[in-house]
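Novice: Quick one: the structure is below, questions incoming.
The values are calculated or read from the model by the stated rules, or taken from the named source; none is laboratory data. Everything numeric in this text was worked out from a predicted model, so none of it was measured. Neighbour counts run over all protein chains shown; Cβ positions are idealised from the backbone, glycine included. Note: accessible area is taken over every heavy atom of the protein model, side chains too, but ligands, DNA and RNA are not part of it. Shrake-Rupley method; radii C 1.70, N 1.55, O 1.52, S 1.80 Å.
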Amino acid sequence: QVQLVESGGGLVQAGDSLRVSCVASGRTITNYAIGWFRQAPGKEREFVAAISQSGVMTRYADTVKGRFAISRDNAKSTAFLQMNSLKPEDTAVYYCAARPYSIATMYSQYNYWGQGTQVTVSS
């Protein structure tokens with residue numbers, strides 16, 4: 001299996017930036033598409049961003065487009081989500097996910113999940 005561990009979450013002010021990381025172990029992540037999802041208390045899990053196994057293709061939710069950037073470093077088995085101009089509505093637990101297939105935007109399409117890292121954005 002693939003194990004995913006997120007880190008880098010924290011408490012920031014609106015307008016600040018934060019980068020969360022996802023380190024994969026167990027299997028090489030090279031052939032896996034990576035997605036970032038988030039879930040606020042009482043809310044459904046929401047797609048944030050995804051990146052293809054090659055890193056060539058990326059997709060973003062409209063709510064974060066232009067503010068967030070997903071990237072990956074396959075040599076380090078790590079994916080990143082750079083979050084800029086953070087808003088209070090970005091507050092959520094952020095999860096990374098992996099699938100050994102092409103890029104996808106629905107959480108049900110991903111096979112492996114991390115435990116999440118909390119991002120809190122104050123007003």
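Novice: THR78 accessible area, nearest 10 Å², 1.4 Å probe?
Specialist: 20 Å²
Novice: Continuing with this model, one more query. Only sites in a loop by DSSP and with at most 15 other Cβ atoms within 10 Å count here; which chymotrypsin sites (Phe, Trp or Tyr not before Pro) in the stretch 81-123 make the cut?
Specialist: Taking the stretch 81-123 and a limit of 15 other Cβ atoms within 10 Å, the loop chymotrypsin sites (Phe, Trp or Tyr not before Pro) found are TYR101.
Novice: Please report how far the C-alpha centroid of the stretch 92-119 lies from that of the stretch 1-76, rounded to the nearest whole angstrom.
Specialist: Distance between centres, Cα-based: 8 Å.
Novice: Hey, another quick one. Share of the stretch 37-97's accessible area from carbon and sulfur, percent, 1.4 Å?
Specialist: Carbon plus sulfur share of accessible area: 49 percent.
Novice: Just to confirm, what accessible area per residue do you get for the chain at 1.4 Å probe, in whole Å²?
Specialist: 51 Å²
Novice: Rounded to the nearest 20 debye, what is the charge dipole size of the chain about its Cα centre when +1 sits on each Lys and Arg Cβ and -1 on each Asp and Glu Cβ?
Specialist: The calculation lands at about 240 debye.
Novice: Considering amide H positions built from the backbone, and no H for Pro or chain starts, which residues 5 or more places from GLY116, or on another chain, come under 5 Å of its amide H?
Specialist: Those qualifying (amide H under 5 Å, at least 5 residues apart or on another chain) are GLU6, CYS96.
Novice: Okay, moving on. Each residue of the stretch 24-34 in order: what ³J(HN,Hα) in whole Hz does its phi give by Karplus 6.51 cos²θ - 1.76 cosθ + 1.60, θ = phi - 60°, with x for Gly and Pro?
Specialist: Couplings: 9, 9, x, 9, 4, 8, 3, 9, 10, 6, 10 Hz.
Novice: Using R₀ = 30 Å, calculate the FRET efficiency as 1/(1 + (r/R₀)^6) where r is the Cβ-Cβ separation of THR30 and TYR107; round to 0.05.
Specialist: With a Förster radius of 30 Å, E is 0.85.
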